[in-house]
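Can you read through this structure? Questions will come right after.
What follows draws every value from the coordinates through simple rules; no lab data is involved. Please read all numbers here as calculations on a predicted model, not as lab measurements. All Cβ positions, even for glycine, are placed from backbone atoms using ideal geometry, and neighbour counts span all protein chains on display.
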Amino acid sequence: MLIILSTKYVLPCAGYDRPGGKVSRLVVEHLQSLDDSITIGSIGALSSERPGEIKDLRSSKVVCIDGCSVKCASKLVEKHSARDFESIEVSVLTDMQDSTDDEKARTIADMVLQLLAATSTTVPKTIDTEHSEIDYMTEMIDKFILRIKKGLFYSDNDFWAQKEGGLVRIGISDLLQQMVSDVFFVDLADIGTHVEFGDELGAFESTKIAMEIITPLSGTVVEKNSILEDSPEFVNEDPYGKGWLYVIRPDDISELDLLKSANEYFAYGIEKAKHELGKKVSE
Amino acid sequence: MSNEGGIGSTFMSVSREKIPWWPEVDTDKCDGCAGEFDCLKFCPHKVYRTVEGSPPHIEVENKFNCVVFCRACQKMCTKDALSFPEKSDILKIIKEVRST
Amino acid sequence: MSDAKKIVIPCSGIGKAFGTVAREATYQLTETDHQSEYKTMCLPLLVAGDQEAIDLLKKSNVYTIDGCPKKCATLSVERIGVNVAMEVMVPKVLAQNTEHKPGSVLDIGRNGVLLAKDIVNKILEEGSD
């Protein structure tokens with residue numbers, strides 16, 4: 001599936017001490033006067049992984065302007081985005097050796113605009129065809145990508161609950177699936193089982209841990225995802241979709257108020273992930 | 001696997017120390033699994049520690065590290081030495097604290 | 001049953017303990033009591049298109065052992081036009097013997113060796129006709 005990236009993101013080199021860096025800066029000035037819809041990226045913001053910057057980067061067509069062969073801008077984009085991108089290296093444009101910096105900058109600005117126009121539809125290197133960016137909040141914490149689906153409720157035991165008419169579907173969050181690693185066995189409770197908030201509804205086992213499924217609401221099981229008995233890996237592959245666990249008829253739908261919203265769980269998840277990473281590094 | 005719990009953390013927006021959830025070890029029944037200490041090895045949250053004795057057995061060291069509503073270690077115990085509070089009581093306490 | 005050879009092919013999974021278990025199970029068949037009956041073959045050799053290896057495989061009963069749902073061994077064999085007589089998935093065997101959870105990729109431990117044995121038993125019991 002092709003994704004049309006309508007926003008444009010240009011990341012200029014930050015090497016102010018070098019001629020290439022100076023030209024990059026001039027390119028940006030020209031670009032801004034030619035097309036004010038272009039987002040100018042910041043090497044500093046990307047390095048410190050400011051969420052807004054990462055989001056802009058990942059949802060746009062990207063062109064890097066590298067001032068020299070160290071290619072800081074390109075390296076940084078490689079690190080934070082899975083998509084293909086374009087880059088121009090100022091120092092290799094040897095046929096412009098006699099031009100002034102300003103002339104070089106104009107030429108490069110034109111090249112950038114051409115690249116942005118040409119790559120109006122791109123196929124990303126890895127693509128998540130079923131999930132559009134607007135349904136999920138993502139955050140990169142080191143190499144760990146936290147993915148929280150909007151519109152769901154989340155328990156502090158890391159299970160999600162989704163309202164479906166009068167019923168509630170539950171599953172495990174992407175955070176939990178990443179922490180427990182490969183699930184190889186799921187033991188589901190029977191249809192008709194009644195539970196109170198916090199009770200166990202079956203269990204699952206992964207290479208790292210054996211865990212109970214802790215229900216995020218009180219109610220009766222009306223459906224269970226039996227396919228997990230043959231394909232437990234769905235829990236890891238698609239925790240919000242085909243890895244669902246149960247559909248429950250709730251005793252009291254207002255009980256979902258006890259759970260966190262997606263935004264609240266997002267903040268909670270970031271802290272938990274950082275903590276988890278701290279542990280991984282020391283082990 | 002890490003734990004976000006412990007002293008100073010919250011569970012369902014309630015300060016963890018206000019929630020009386022942790023395992024009780026029946027010292028008459030616990031025999032340390034003949035040195036295997038299955039519950040201690042299983043728990044990723046460092047709730048347990050070993051205690052000298054004849055035989056050496058288990059006690060709870062970090063009760064607030066225990067994940068509220070989790071009873072996974074109980075299944076590991078062959079001597080039925082671990083018990084937990086009633087979940088409905090715990091939920092009541094959580095709701096009460098939240099409403100104040 | 002014909003006197004076609006039995007060839008066991010484990011996956012090449014190097015990132016997970018299950019890959020090591022798959023190879024351990026293979027060696028338990030090919031290096032011990034059953035070595036007269038069971039042989040193995042290098043999966044990458046097949047993927048690289050070695051014709052001699054492929055021809056031999058086509059004349060044999062092929063057993064694949066896959067460490068994860070990607071099923072590289074099974075899919076690779078099928079892609080070169082060879083039918084798989086029996087396919088074993090390591091995680092499924094573990095699900096039936098959860099106490100035999102292997103250790104790490106470098107050292108699957110006593111339980112990992114037992115899991116390999118579970119796989120061998122499955123092949124011995126269900127694999128012959």
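Counting Lys and Arg as +1 and Asp and Glu as -1, each charge on the Cβ, what is the dipole of the stretch C:6-122 about the Cα centre in debye, to the nearest 20?
Here the stretch C:6-122 has a charge dipole of around 280 debye.
A follow-up question, please. Considering the dipole of the stretch B:10-99 built from charges on the beta carbon (Lys and Arg +1, Asp and Glu -1) around the Cα centre, which of B:93, B:73, B:51 is farthest to its positive end?
B:93
Checking the cross-link filter: which lysines have an alpha carbon closer than 21 Å to that of residue C:92, excluding same-chain neighbours under 8 positions apart?
A:208, A:224, A:242, C:16, C:70, C:71, C:101, C:117, C:122
Under 10 Å, Cα contacts only: if you run a Gaussian network model on chain A, which one of A:107, A:220, A:39 comes out with the highest mean-square fluctuation?
A:107
Would you grab the residues whose amide H sits under 5 Å from the one on residue A:248? Only those 5+ places off in sequence or on another chain, please, with H modelled 1.01 Å from N.
Residues meeting the amide H criterion: A:168, A:169, A:170, A:222.
So, with +1 on the Cβ of K and R and -1 on the Cβ of D and E, and no other charges, what is the size of the charge dipole of chain A about its Cα centre, to the nearest 20 debye?
Computed about the Cα centre, the dipole is about 920 debye.
Can you list residues whose amide H is under 5 Å from residue C:65's amide H, if they're 5+ apart or on another chain and H is modeled 1.01 Å from N?
C:9, C:11, C:88
Helix-only estimate, please: 222 nm mean residue ellipticity of chain A, summing -39500 (n - 2.57) across DSSP H runs of length 4 or more and dividing by its residues, to the nearest 500.
It lands at -9500 deg cm²/dmol.
What distance in nm separates the simple spin-label points at residue B:22 and residue A:163, each placed 7 Å from Cα in the Cβ direction?
3.8 nm
I would also like to ask the following. Mind jotting down the distance between the C-alpha centroids of the stretch B:27-100 and the stretch A:245-267, whole Å?
Centre-to-centre distance over Cα atoms comes out at 27 Å.
Against the longest alpha carbon principal axis of chain A, how many degrees, from 0 to 90 and to the nearest 10, is the axis of helix A:19-34 turned?
Here the helix axis deviates by roughly 80 degrees.
Does anyone have the angle between helix B:87-99 and the longest principal axis of chain B? Alpha-carbon axes, 0 to 90°, nearest 10?
Tilt relative to chain B: about 30 degrees.
So how tilted is helix A:101-118 from the main axis of chain A? Cα-based, degrees 0 to 90, rounded to 10.
With both axes taken from Cα atoms, the answer is about 40 degrees.
Give me the distance in nm between label points sitting 7 Å out from Cα along the Cα-to-Cβ direction at residue B:96 and residue A:249, one decimal.
Simple spin-label model gives 3.3 nm for this pair.
Still on this structure, please answer the following. Mind putting a number on the dipole of the protein assembly as shown about its Cα centre? Charges go on the C-beta only, +1 for Lys and Arg and -1 for Asp and Glu, and I need it in Debye to the nearest 20.
Computed charge dipole of the protein assembly as shown: roughly 600 debye.
Modelled label-to-label distance, residue A:191 and residue A:103, 7 Å Cα→beta-carbon offset: nm?
7.9 nm
Per residue, how big is the convex hull of the stretch B:10-99 when only Cα atoms are used? Give it in Å³.
85 Å³
Additional query: Using a Debye calculation, one point per C-alpha and no hydration shell, please list log10 I(q)/I(0) for the protein assembly as shown at q = 0.08, 0.09, 0.11, 0.13 Å⁻¹ in order.
After summing over all Cα pairs, the log10 values are -0.71, -0.86, -1.09, -1.23.
While we're on this one: I need to check one value: relative contact order of the stretch A:7-122, counting alpha carbon pairs closer than 8 Å and at least 6 residues apart, in percent.
The value is 33 percent.
What average count of beta carbons from other chains do you get within 10 Å of the Cβ of residues in B:93-99?
1
Just to verify a number: FRET efficiency for residue C:34 and residue B:52, C-beta to C-beta distance, R0 = 56 Å, to 0.05?
With a Förster radius of 56 Å, E is 0.70.
Still on this structure, please answer the following. Need the C-alpha centroid separation for the stretch A:159-186 versus the stretch C:22-50, integer Å.
39 Å
Sticking with this one: What's the exposure ranking of A:160, B:22, A:244, going from fewest to most Cβ atoms within 10 Å?
So the ranking, lowest neighbour count to highest, is B:22, A:244, A:160.
Over the Cα atoms of the stretch A:149-282, compute the convex hull volume and normalise it per residue, giving Å³.
That works out to 96 Å³ per residue.
Then there is this: Using a Gaussian network for chain C with springs between C-alpha atoms less than 10 Å apart, which of these wobbles most: C:70, C:101, C:16?
Result for chain C, Cα springs under 10 Å: C:70 fluctuates most.
Calculate the mean, over all residues of peptide B:70-81, of how many other protein chain Cβ atoms lie within 10 angstrom of the residue's Cβ.
Shielding by partners across B:70-81 averages 2.
Compute the FRET efficiency between residue A:117 and residue C:47 as 1/(1 + (r/R0)^6), taking r as their Cβ-Cβ distance and R0 = 45 Å, and round to the nearest 0.05.
Taking R0 as 45 Å, the efficiency between residue A:117 and residue C:47 is 0.60.
Check the cysteines of chain B one by one and keep only those with no other cysteine Cβ under 4.7 Å from their own.
Taking the Cβ cut-off of 4.7 Å, the unpaired cysteines of chain B are B:30, B:33, B:43, B:66, B:70, B:77.
Lys and Arg at +1, Asp and Glu at -1: add these up for the other residues within a Cβ distance under 13 Å of residue B:24 and post the number.
-2
Which of B:20, B:42, B:10 sits farthest toward the positive end of the charge dipole of the stretch B:1-54, with +1 on the Cβ of Lys and Arg and -1 on the Cβ of Asp and Glu?
The listed residue farthest towards the positive side: B:10.
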